[in-house]
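Working notes, beginning with the structure itself.
The values are calculated or read from the model by the stated rules, or taken from the named source; none is laboratory data. All of these numbers come straight from a predicted model, not from anything done at the bench. Positions of Cβ are backbone-derived with ideal geometry, glycine not excepted, and every protein chain shown enters the neighbour counts. Please note that ligands, DNA and RNA were not included when accessible areas were found on the heavy atoms of the full protein model with its side chains. Shrake-Rupley method; radii C 1.70, N 1.55, O 1.52, S 1.80 Å.
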Amino acid sequence: SYAFGGCENLISINIPKKVSIIEPSAFVFCESLSIINTSEANEKYISLEGVLYLKDITRIIAYPCNKLEESYSIPNTVTGIEDYAFFGCEKLKNIAIPESVQVIGVSAFAGCKKLSNITIPESVQQIGVSAFKGCESLSSIIIPDSVEIIGEETFIGCKRLSNVILGKGIKKIPSGIFNS
């Protein structure tokens with residue numbers, strides 16, 4: 001956990017062949033990180049355009065915070081967005097989540113201050129704690145009927161959030177979900 005957390009000057013990283021476990025929080029607060037590469041011989045992980053995924057591209061592990069793009073489309077093979085996957089990616093304004101995604105992890109998009117456009121597809125069943133915490137530019141969100149579990153403080157600090165539609169599948173509104 002937090003293996004490279006807070007490495008402010010880390011610009012790129014190369015994941016060698018033998019690395020088989022990378023905790024989801026490994027690159028949290030790496031504000032200068034713009035590319036994550038993997039060895040082609042690595043059996044567990046792959047890098048697509050500098051973004052880290054499981055080798056079978058079913059899970060996005062980490063999106064480098066200092067990538068220059070304002071928009072990103074997650075591949076349609078991805079079924080899960082890991083904890084902290086987009087944490088602190090302040091440049092991103094739009095993220096396209098495909099219909100294949102079922103789980104959005106803890107703090108997955110936390111700190112994406114410019115994120116203003118995101119659609120949660122009907123395939124999503126679970127949204128983790130603080131998933132959108134501090135997404136200051138987010139003004140509208142629709143939680144589809146498919147979502148059954150939504151974590152505490154999911155939208156804490158989303159100051160511009162003025163339009164929310166909660167789906168029928170949510171069994172419990174957790175504490176602090178819309179705090180601040």
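Miscellaneous remarks
- Positions within the range 146-161 being out of contact with any Asp or Glu (no Cβ under 7 Å at 6 or more places or on another chain), open to solvent by 50 Å² or more (accessible area, probe 1.4 Å) and touching a residue at least 24 places away in the same chain (Cβ under 8 Å), in sequence order: 149, 152, 153
- Scanning the range 117-145 for residues that are without any contact (Cβ under 8 Å) to a residue 24 or more places away in the chain and under 12 Å from the mean Cα position of the chain (by Cα) turns up nothing.
- Residue within the range 162-176 that is in a loop (DSSP other than H, G, I, E, B), more than 17 Å from residue 102 (Cα to Cα) and among the hydroxyl-bearing types (Ser, Thr, Tyr) present: yes
- Scanning the range 117-128 for residues that are among the β-branched types (Val, Ile, Thr) and crowded, with 19+ Cβ neighbours inside 10 Å gives 118, 120, 124, 127.
- The sole residue among 23, 99 that is within 27 Å of residue 169 (Cβ to Cβ), free of Cβ contacts under 8 Å to residues at least 40 places away in the same chain, open to solvent by 60 Å² or more (accessible area, probe 1.4 Å) and in a loop (DSSP other than H, G, I, E, B) is 99.
- Going through (1) of a type in the set (A, V, I, L, M); (2) crowded, with 16+ Cβ neighbours inside 10 Å; (3) over 23 Å from residue 144 (Cα atoms) one by one, residue 68 falls short only on (2).
Matching residues to (1) open to solvent by 40 Å² or more (accessible area, probe 1.4 Å); (2) part of a loop (DSSP other than H, G, I, E, B); (3) over 21 Å from residue 33 (Cα atoms):
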position	(1), (2), (3)
56	yes, yes, yes
64	no, yes, no
72	no, no, no
76	yes, yes, yes
83	yes, yes, no
90	yes, yes, no
107	no, yes, no
115	no, yes, no
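- Among the criteria (1) part of a loop (DSSP other than H, G, I, E, B); (2) touching a Pro at 6+ places or on another chain (Cβ under 9 Å); (3) not aromatic (Phe, Trp, Tyr), the one residue 52 does not fulfil is (1).
- Scan of the range 59-75 for residues that are under 16 Å from residue 101 (Cβ atoms) and not hydrophobic (A, V, I, L, M, F, W, C), ordered by number: 59, 63, 72, 73, 75
- Members of the range 11-20 found to be assigned to a loop (DSSP other than H, G, I, E, B) and either open to solvent by less than 40 Å² (accessible area, probe 1.4 Å) or in contact (Cβ under 8 Å) with a residue 40 or more places away in the chain (or both), listed by number: 11
- Filter result (closer than 18 Å to residue 178 by Cα, in a loop (DSSP other than H, G, I, E, B) and either at pLDDT below 95 or β-branched (Val, Ile, Thr) (or both)) within the range 120-133: 120, 129
- Those residues of the range 26-49 which are in a loop (DSSP other than H, G, I, E, B) and of a type outside the set (A, V, I, L, M), in sequence order: 27, 29, 30, 31, 32, 34, 39, 40, 42, 43, 44, 49
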